[in-house]
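Any read-out appearing in this document is the output of simple, stated calculations on the displayed coordinates, not a laboratory observation. Just so it is clear, the model here is predicted, and its values are computed rather than measured. Ideal geometry is used to build each Cβ from the backbone, glycine not excepted, and the neighbour counts take in all protein chains shown.
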Amino acid sequence: MASGKQNAVIYLDNAATTPVHPQVAQAMLRALQEDYGNPSSRHAMGLAAERVLRGARREVAARVRVDSGRVLFTSGATEANALAILGMARRQRRPGRVLISAIEHPSVLATTRMLEEAGHQVELIPVEPGGWVDPERVAEMLDEATFLVAVMHVNNETGIIQPVCDVAQAVRRVPSCRLLVDAVQSFGRLPLDLPSSGADLMTFSAHKIGGPKGAACLVRSERAALAPLWGGGEQEQGLRPGTENLPGIVGLAAAVELQSELPSAREEYAAPLVEAALARHPDAHVIGDRSRRAAHILSLAIPKVKSEVLINLLEAQGVCASSGSACHSRRSLRSHVLEAMGVPLDHGIVRFSFGPQTTREDIERAADALGSALSKL
Ligand SMILES: Cc1ncc(COP(=O)(O)O)c(C=O)c1O
């Protein structure tokens with residue numbers, strides 16, 4: 001696997017994207033060079049490509065424990081989330097209600113906001129200061145008009161695991177309501193499949209698990225009926241028309257298959273980084289409820305420190321980290337997630353996210369770099 005160490009870079013931004021695993025690259029190269037037929041063509045090359053596509057769909061379906069017909073391939077999780085939300089909304093006969101957690105990824109938040117233009121009512125589910133959604137709160141907010149609830153599995157900025165199975169139980173009390181779980185940051189890292197989660201719609205993305213950018217998946221239960229967002233073909237059951245990105249899909253399936261073999265992020269990775277921050281800044285703290293944090297994402301809040309300056313100082317020492325989500329970090333916008341959790345504005349944020357290629361040595365070097373960066377601030 002491509003390691004950050006090759007260019008003396010310690011890559012700790014795996015929640016933004018991950019290096020493509022060599023086995024994934026190999027599978028994709030084969031698809032590019034050998035299986036270049038259009039899966040819709042009826043000649044031998046087309047039929048061969050269709051077989052490859054079917055194999056990839058079977059692989060993904062088995063991993064999330066659904067029938068192959070329940071797997072839709074898309075261009076990214078952003079599109080998968082949009083297809084789930086807008087596709088559900090387009091099936092409604094009259095305007096209804098949608099509940100979304102206040103800490104969803106912008107691909108969910110912004111798309112859901114679009115429903116307001118169609119007359120639907122959109123409400124935010126607040127989170128606890130520890131960064132998690134209380135399922136009882138969801139139960140209180142639900143009513144018969146609610147047709148969709150969206151709660152992600154692991155938050156991309158904090159790594160806090162959301163109690164999606166308990167949320168699903170609450171949602172089931174309204175028979176016509178469906179649950180969307182964005183599993184982009186948990187897929188392959190934490191056990192979750194569609195039947196055991198109780199979700200109706202689940203999304204994940206190849207580039208967060210050692211696969212390529214531009215390939216993702218929406219899986220749905222029998223209960224989740226969708227309408228397409230555009231026309232133009234019968235691909236993906238007519239729900240996502242357009243010639244399939246076969247190399248991307250092959251890469252996605254190869255990455256999915258690999259997950260069971262790869263080492264997972266270790267709980268003890270957090271300690272040296274937290275200690276380095278505390279040594280220079282006694283008020284530094286881990287964002288969110290520690291007991292609910294997934295091991296592969298660690299977000300630290302450091303009072304009176306500017307995130308951008310800290311990230312730049314880390315980068316100067318070869319450490320790639322981020323100040324939250326990739327979408328926010330370039331524009332220095334205030335994060336809606338931290339705002340929802342009530343994290344004070346004067347706190348600098350640094351997010352370290354680990355991948356299967358992360359080593360203990362990477363962590364030790366990053367902790368030294370963090371200590372040295374903080375001593376300069
Ligand atoms: C939680 C979450 N959902 C959705 C997305 C969007 O995924 P993609 O980059 O495949 O569009 C991301 C990407 O950062 C994410 O972290």
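Below, the figures for the structure above:
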| quantity | calculated |
| --- | --- |
| The range 225-360: relative contact order as a whole-number percent, Cα under 8 Å and 6+ apart | 22 percent |
| Stretch gain in nm, segment Glu222-Arg54, where the contour uses 0.36 nm per residue and the Cα spacing is subtracted | 58.5 nm |
| Most mobile of Val305, Val133, Val184 in a GNM of the chain (Cα contacts under 10 Å) | Val305 |
| Net charge of neighbours whose Cβ lies under 12 Å from the Cβ of His296, counting Lys and Arg as +1 and Asp and Glu as -1 | +3 |
| Of Val309, Val108, Val319, the one that fluctuates the most in a GNM where the chain has Cα springs shorter than 10 Å | Val309 |
| Cα centroid separation, the range 149-172 to the range 267-282 (Å) | 27 Å |
| Sites excluded, GluC sites (Glu not before Pro) in DSSP loops with at most 12 other C-beta within 10 Å, longest stretch of the chain | 262-377 |
| Cα centroid of the range 221-265 to Cα centroid of the range 41-120, whole Å | 8 Å |
| Helix-only mean residue ellipticity at 222 nm for the chain, each DSSP H run of n ≥ 4 adding -39500 (n - 2.57), per residue, nearest 500 | -11000 deg cm²/dmol |
| Antiparallel bridges, percent of DSSP beta bridges restricted to the range 121-223 (to nearest 5) | 50 percent |
| For the chain, built as a Gaussian network whose Cα springs stay under 10 Å, the top-fluctuating residue of Ser101, Ser291, Ser68 | Ser291 |
| Built amide H within the under 5 Å cut-off of Arg178, gap 5+ | Leu148, Val149 |
| Mean separation of Cα contacts under 8 Å (6+ apart) over length of the range 282-322, as relative contact order % | 33 percent |
| Point-charge dipole on Cβ atoms (K/R +1, D/E -1) for the chain, about Cα centre, debye to 20 | 560 debye |
| Shape of the range 209-327, Cα gyration tensor, a/c cut at 1.5 | prolate |
| Difference of contour (0.36 nm per residue) and Cα-Cα distance, Met141 to Arg173 | 10.3 nm |
| 11 Å cut-off, amide nitrogen to a point 7 angstrom out along Leu32 Cα→Cβ, residues in the range 231-249 | 247-248 |
| Exposure proxy order (Cβ contacts within 10 Å, fewest to most) of Asp346, Asp13 | Asp346, Asp13 |
| Computed over the chain: relative contact order in percent, which uses C-alpha pairs under 8 Å that are six or more apart | 22 percent |
| FRET efficiency, 1/(1 + (r/R0)^6) with R0 30 Å, evaluated for Lys213 and Val122 via beta carbons | 0.55 |
| Long-range amide H partners of Ile160 with built H, under 5 Å | Asn155, Ala294 |
| Prolate/oblate/rounded call for the chain, Cα gyration tensor, a/c under 1.5 rounded | oblate |
| The chain - share of DSSP beta bridges that are antiparallel (%, nearest 5) | 55 percent |
